[in-house]
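The values are calculated or read from the model by the stated rules, or taken from the named source; none is laboratory data. Please read these numbers as outputs of a predicted model, since none were measured by experiment. Neighbour counts run over all protein chains shown; Cβ positions are idealised from the backbone, glycine included. Remember, those area values only see protein heavy atoms, side chains included, never the ligands or the DNA or RNA. Shrake-Rupley method; radii C 1.70, N 1.55, O 1.52, S 1.80 Å.
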Amino acid sequence: MQIYSKLPDVGTTIFTVMSQLAIEHNAVNLGQGFPDFMMSEELTALVDQAMKKGFNQYTHMNGFPLLRERLAEKIAKLYQTAVHPDTEITVTPGGTYAIYTALTTVLQPGDEVFVFEPAYDSYIPNIEINGAIPVRISLQYPDYSIPWEEVKKKVNNKTRMIMINSPHNPTGSVLSEHDIEQLKQVVAGTNIIILSDEVYEHLVFDGIQHQSILGYPELLERSFVCFSFGKTYHCTGWKLGYCISPASFMKEFRKVHQFNCFSCDTPKQVALA
């Protein structure tokens, strides 16, 4: 018997390869995005407490309710944006899962998705497994900026989505207010959806303001915005993240989510809340 690969050109992720080499050679592992220091003892103690209090069964499919409420409070404080915890936030098993689910929710065969390279390694396979076509656009050295004129020239009636990532993995570049204005111009009057990968939202330095899509209502209304608790609280092994989108988008997102993951780790969500 033969299985026909949906990803014939994809091998083992480079992160796994480099992590294995680091183990074999007793080397410092700079190839994978996890910290080499202990996480918060307070947070691990709260997980222990949650488990002892009986939070060990399935929680709500959309995420532990109190955690979604806390996230809505955080978003209101940071970005002055009202997000409804019941209809616009879903907790996911990691940021990468949130990205994959958003892509799967939207993409149809033949759709084109703009990807700015170098890019996180899941983007292209996630697009291709859904039968869509990645449109690769190189970021401009030395500051790894987006060439917006090239973007505008490549937009056509097959363009379904633009993927952005700020702070950027792997270069560390961040979007500016100018980038946001250019993005607004590109998508205005179109059916283009934005997928914004913001898993490093708090790793912004030198007084720079993180330009979250959550802070721009006219962009948020056409966006899936993905985040990671693992990156924020340096607990990558917990595999918890979340996605935010308009209620109409989230309704479809959850249709995919419920038959893939259904719900995420309960005691850790209680602790994070």
- Query: Comparing Glu221, Glu198, Glu41, which has the greatest mean-square fluctuation in the GNM of the chain with Cα pairs linked when under 10 Å apart?
  - Reply: Glu41
- Note on the structure: Placing +1 on each Lys and Arg Cβ and -1 on each Asp and Glu Cβ in the stretch 67-152, then taking the dipole about the Cα centre, the residue among Pro118, Pro147, Gln80 whose Cα reaches farthest towards the positive end is Gln80
- Size of charge dipole - the chain - debye, nearest 20, with Cβ of Lys, Arg +1 and Asp, Glu -1, no other charges: 780
- Query: Of all accessible surface on the chain at a 1.4 Å probe, what whole percent is carbon and sulfur?
  - Reply: 54
- The farthest towards the positive end of the charge dipole of the stretch 199-265, of the residues Trp238, Gln211, Ser228, given +1 on Cβ of Lys and Arg and -1 on Cβ of Asp and Glu, is Trp238
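Which entries in the list Lys52/Lys268; Lys77/Lys255; Lys154/Lys184; Lys152/Lys251; Lys6/Lys153; Lys184/Lys255 go over 20 Å, if you measure between the two C-alpha atoms of each?
Lys77/Lys255; Lys152/Lys251; Lys6/Lys153; Lys184/Lys255
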- Message: For the stretch 194-273, take the convex hull of the Cα atoms, compute a quarter of its surface area, and give me that in nm², please.
- Response: 6.3
- DSSP beta bridges in the chain, what fraction antiparallel, as a percent rounded to 5? 35
- Per residue solvent-accessible surface (Å²) - the chain, probe of 1.4 Å: 53
- Histogram of C-alpha separations across the chain, 5 Å bin width, %: 1, 5, 11, 16, 18, 17, 14, 9, 5, 2, 0, 0
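Could you give the Stokes-Einstein D for the stretch 1-69 in µm² per second, using the C-alpha Kirkwood radius, 4 °C, 1.567 mPa s?
77
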- Query: Taking the chain as a Gaussian network, where each spring joins two C-alpha atoms under 10 Å apart, which residue of Ala188, Ala119, Ala27 fluctuates the most?
  - Reply: Ala27
- By accessible area of protein heavy atoms, probe 1.4 Å, what ranking do Arg136, Arg68 get, highest first? Arg136, Arg68
